[in-house]
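Notes follow the structure.
The values are calculated or read from the model by the stated rules, or taken from the named source; none is laboratory data. None of the values given here were measured: they were computed from a predicted structure. Every residue, glycine as well, gets a Cβ built from its backbone with ideal geometry; the counts of neighbours run over all protein chains shown.
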Amino acid sequence: MPESRCLQGIWSSPWIFIFAAAGSAIGLGNIWKFPYMLGTNGGGAFLFIYCACLLLVGLPMLMAEVALGRTVRSNPVDTVNDLAERHVIHRFWVAIPYLAGATGLLILTFYSVIAGWGFAYAQRAMTGALQGLDMVQSQAVFDDFLASPVEMIFWHTLFMGLVVLSVGQAVTRGLSNVVRILLPVLIVTLFILAVYSMVMGAGADALLFLTRWDWSGFTFDVALSAIGHALFSLGVGLGAMFSYGAYMSKRMSIAKACTIVVGLDLIVSILAALVIFPLTFKFGLDVAAGPSLPFVSLPLIFGALPAGQVIGLLFFALLVLAALTSAISMMELFVAWLHERFYTGRLKAAFTLGLGVWLVGVAVVLSFNHWDAKLLFGLNLFEIIDQLTSFIMLPVAAIALSILVAWVVPKKMLMNEMLVKNATHFRWWYTTLKYVSIPAAILITVAGWIGA
Ligand code: PHE
């Protein structure tokens, strides 16, 4: 049987790997988080650092993760264990996949809640509740929603249920088909909305904001946000891409596939920003409003568009689907591991882990309303989990996995793995990862922590 049609979880065509990896990468991080982070971090300068992080840190690290995954074709925990048992690496590294898996689950606790917002807004779009809103009304719709934990928990529960059911099936099945349709539709929809928003909204102000090179506010904090978000947006450092690498056909070029994934991820983020900022400026919303920004500004476009009700419904439904294909990756590591190591049924493993995630998610919901207690450094639970994962756990896991690949695993083994036909490409990647990506990521992360 040709490898491309092997049923043992190998992707049935090279493009399907790209769709699946892009499905994992593209999600709330692009449409919800990226625009509001641009807003809170000052626009153009952040965009520039973000792109640099994506290319110089995110892409090489993504390739590292996929390559290592493809080497052993197993889940990250067993892979690292196996390498340690064969004395290729020290036992110390065994901790890293657990950290990666825990980071994924922790991210999912708030990711599911925000995806639930997408559900709620899809429903509102469908019933026409978003039609003809002005800025004040849109803010009021959002505030009302945030003030009703029961509704938020309902949508969070629905989303987690879908995640558990999807992860309960093997990842290769179904998912790739969804993404193959979802991705082009999402990009086209965003493109149309971006054009409309640029023309009808304050397009010039938005462009100015996105290209403004104001370095006065630059701190390592901002750089850490950029690097943390680049890793978040690509889904690097969680072992998710590792799992996809494990399913990847040997004939495919890792460099090419990963570059396409990074490109698609960036395109979606930029399009989302081009939809949101013209509205933000036209209606005088606060660009630094934070997590509420996309949800307050987006309804304004649907209210004004002809057929806005249908387009609004389509948009939020796409958002939830994109979130679903990302959320699946966050659980995949531990589900695959429990399944392969302890023969736990995938559904049972997904349900058990999902229950824990759901419970913490309920507490996250409450942190938006009844339980807005500042628990640590003036942050509530949602903010703590968001910052802990983006600024600490994700960078540490990604850096550690990359060090493992670049400095610890023998180069020969990697070269064989990557089926190096073009040694120049390999050398570029390897050298960049070793001497640029890892040191830059360490420097920025540590400088960001100590508040330089
Ligand atoms: N990349 C996803 C997003 O941008 C989030 C994600 C993080 C997915 C980590 C998988 C792993 O929404």
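A few notes on this one:
- A single entry from G174, G132 fulfils the requirement of being part of a helix (DSSP H, G or I), modelled with pLDDT under 95, small (G, A, S) and loosely packed, with under 15 Cβ neighbours inside 10 Å: G174.
- Restricting the search to helices (runs of 4 or more DSSP H) fully inside the range 26-127 and requiring at least 3 residues that are under 27 Å from L366 (Cβ atoms) gives 34-40, 95-127.
- The residue pairs whose first member lies in the range 383-402 and is more than 28 Å from S292 (Cβ to Cβ), whose second member is polar (S, T, N, Q) and within 12 Å of the ligand (Cβ to nearest atom), and whose beta carbons are closer than 7 Å, counting only pairs six or more residues apart or on different chains, are A397/T103.
- Every residue from the range 22-44 that is more than 11 Å from the ligand (Cβ to nearest atom) and within 24 Å of I399 (Cβ to Cβ): M37, N41
- Flag if V296 is more than 15 Å from the ligand (Cβ to nearest atom), over 22 Å from Q387 (Cα atoms), at pLDDT 90 or above and of a type outside the set (F, W, Y): yes
- Here S233 meets the list (1) away from the ligand (no atom under 14 Å from the Cβ); (2) crowded, with 19+ Cβ neighbours inside 10 Å; (3) of a type outside the set (D, E); (4) within 17 Å of V66 (Cβ to Cβ) almost entirely, failing just condition (1).
- Selection status of G263, more than 16 Å from the ligand (Cβ to nearest atom), of a type in the set (G, A, S) and modelled with pLDDT of 90 or more: no
- Qualifying residues in the range 242-273 (those that are of a type in the set (F, W, Y) and either free of Cβ contacts under 8 Å to residues at least 40 places away in the same chain or assigned to a helix (DSSP H, G or I) (or both)) - the one farthest from S24 (Cα to Cα): F242
- Condition check for D221: under 21 Å from the mean Cα position of the chain (by Cα), of a type outside the set (A, V, I, L, M) and more than 16 Å from the ligand (Cβ to nearest atom): yes
- So G354, is it under 22 Å from F145 (Cα atoms), in a helix (DSSP H, G or I) and within 16 Å of the ligand (Cβ to nearest atom): no
- Once the range 266-286 is narrowed to residues that are surrounded by fewer than 21 Cβ atoms within 10 Å (Cβ to Cβ) and touching a helix residue (DSSP H, G or I) at 6+ places or on another chain (Cβ under 6 Å), the residue that is modelled with the lowest pLDDT is F283.
- Only one of the listed residues (W155, W117) is without any contact (Cβ under 8 Å) to a residue 60 or more places away in the chain, under 23 Å from the mean Cα position of the chain (by Cα) and crowded, with 19+ Cβ neighbours inside 10 Å. That residue is W155.
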